[in-house]
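Down below is the structure, laid out as structure tokens.
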Amino acid sequence: MGLDISLLETFILVADLESFSGAARKLGLTQPAVSFQIKALEREVGASLFDRNPGKVILTPAGRTTYSFSKKMLNDYKNMIAGIPKTTGKVAGNLLIAASNIPGEYILPPIIAEFRKIFPDVTVSLEITDSEGALRKLTGEQTELSFMGTPLEHSGTLRKPFATDRLVLITPPKHKLTGESKVKLRHICGEPFVNRSSSSGTRKTFETFFKSSGIDIEDLNIVVELGSTQSVISAVQSGMGISIISDRAALNPAKAGLVASVDIAEVDITRSFYAAYSSERPLSLAAEQFLESCLVP
């Protein structure tokens, strides 16, 4: 059977999004083109893969079996492509990495730029998610390297610290707390608070520091929970409340006067970011070189 790898990629995307139109948008194709690819795959396997309901598509029993094997086939294919340069000693190929918000948006891009200057034959694909998502990508063999702000433990993985940051309070530019040199934790509790989602490494870090100071997350006046640092900055800028984010993320918005950045008294909320990789699968040459470039002091 001359199966086209791209058909499997399209099939998996439709299954993950539960939408033909959503997959089409992500792939930059028309919906009829995506439907054509799925029908071609269904002809190959000899079974219907989706129950097509209004507004949502659901895998059939045959579709679930095809999905499981397709994920393995794609992972094996990607590992094959990544492993070939290792046999020649050439640093080349596709490097798939995932990262949580802060390393993905603020730390890794300049590292990738410098890495590409040295190894122009490597194509780096970076997916930004949260710390738990970055770990899932790694353990699901969808990436060779994952970078996160929470030292999540998982059997079969190794991790090394590669960068640090410090958490700061951000407020709207004319907020009453902006005049303080440092803000005490109890003063934060009395203000409307823009929180990150529960899987965020940033949130887990400041919750730990709050608890060590005798303050529970329930003591915060949370008005909204948002999925990214940039959305938190936008909400604070609009006057929705105050928040705690990385000093790396706060730097440019504070310089531009969009928000104010204030240090937190009583505690120094400094944390490490971690590079994680499998202890069971050998890294490609590209991944080895990229990891080394991240760990350089």
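The values are calculated or read from the model by the stated rules, or taken from the named source; none is laboratory data. Keep in mind the model is a prediction, meaning the values are calculated, not measured. All Cβ positions, glycine included, derive from the backbone under ideal geometry; neighbour counts span all protein chains shown.
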Subject >> Failed item, numbered, when Thr123 is tested on (1) β-branched (Val, Ile, Thr); (2) under 17 Å from the mean Cα position of the chain (by Cα); (3) over 30 Å from Gly257 (Cα atoms); (4) modelled with pLDDT of 90 or more >> reply: (2)
**OP:** Kindly indicate which of Ala260, Ala235, Ala287, Ala250 is farther than 30 Å from Lys160 by Cβ, aliphatic (A, V, I, L, M) and within 23 Å of the chain's Cα centre (by Cα).
**Re:** Ala235
**OP:** Could you please tell me which pairs satisfy a Cβ distance under 6 Å, a separation of 6+ or placement on different chains, a first residue in the stretch 177-191 that is over 10 Å from Ile242 (Cβ atoms), and a second residue that is among the β-branched types (Val, Ile, Thr) and part of a loop (DSSP other than H, G, I, E, B)?
**Re:** Leu185/Ile215
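Yes/no per residue for (1) over 24 Å from Lys174 (Cα atoms); (2) modelled with pLDDT under 90; (3) in the same structural domain as Val236 (by TED's automatic domain parsing):
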site: Ala254; (1), (2), (3): no, no, yes
site: Leu258; (1), (2), (3): no, no, yes
site: Ser261; (1), (2), (3): no, no, yes
site: Tyr277; (1), (2), (3): yes, no, no
site: Pro282; (1), (2), (3): yes, yes, no
Original post:
Would the stretch 141-152 turn up any residue that is over 16 Å from Leu295 (Cα atoms), of a type in the set (A, V, I, L, M, F, W, C) and part of a helix (DSSP H, G or I)?
Top reply: no
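Does Glu144 fit the bill of being at pLDDT 90 or above, crowded, with 18+ Cβ neighbours inside 10 Å and acidic (Asp, Glu)?
Here the answer is yes, as Glu144 does meet what is asked.
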Original post:
Of all residues in the stretch 124-156, how many are over 17 Å from Asn75 (Cα atoms) and of a type in the set (S, T, N, Q)?
Top reply: 4
Subject >> Residue under evaluation Pro110, criteria (1) outside the structural domain of Leu258 (by TED's automatic domain parsing); (2) outside any helix (DSSP H, G or I); (3) more than 20 Å from Phe209 (Cα to Cα), criterion not met >> reply: (2)
Original post:
Residues Gly156, Gly179, Gly190, Gly239: which one is surrounded by fewer than 15 Cβ atoms within 10 Å (Cβ to Cβ) and in the same structural domain as Leu138 (by TED's automatic domain parsing)?
Top reply: Gly156
**OP:** Name every residue in the stretch 1-34 that is surrounded by 16 or more Cβ atoms within 10 Å (Cβ to Cβ) and among the hydroxyl-bearing types (Ser, Thr, Tyr), in order of residue number.
**Re:** Thr10, Ser19
**OP:** Name the residue, out of Glu225, Glu266, that is surrounded by fewer than 18 Cβ atoms within 10 Å (Cβ to Cβ), at positive phi and not hydroxyl-bearing (Ser, Thr, Tyr).
**Re:** Glu266
**OP:** Look through Ser198, Ser261, Ser231, Ser272 and report the one residue that is free of Cβ contacts under 8 Å to residues at least 60 places away in the same chain, out of contact with any Cys (no Cβ under 6 Å at 6 or more places or on another chain) and not in a helix (DSSP H, G or I).
**Re:** Ser198
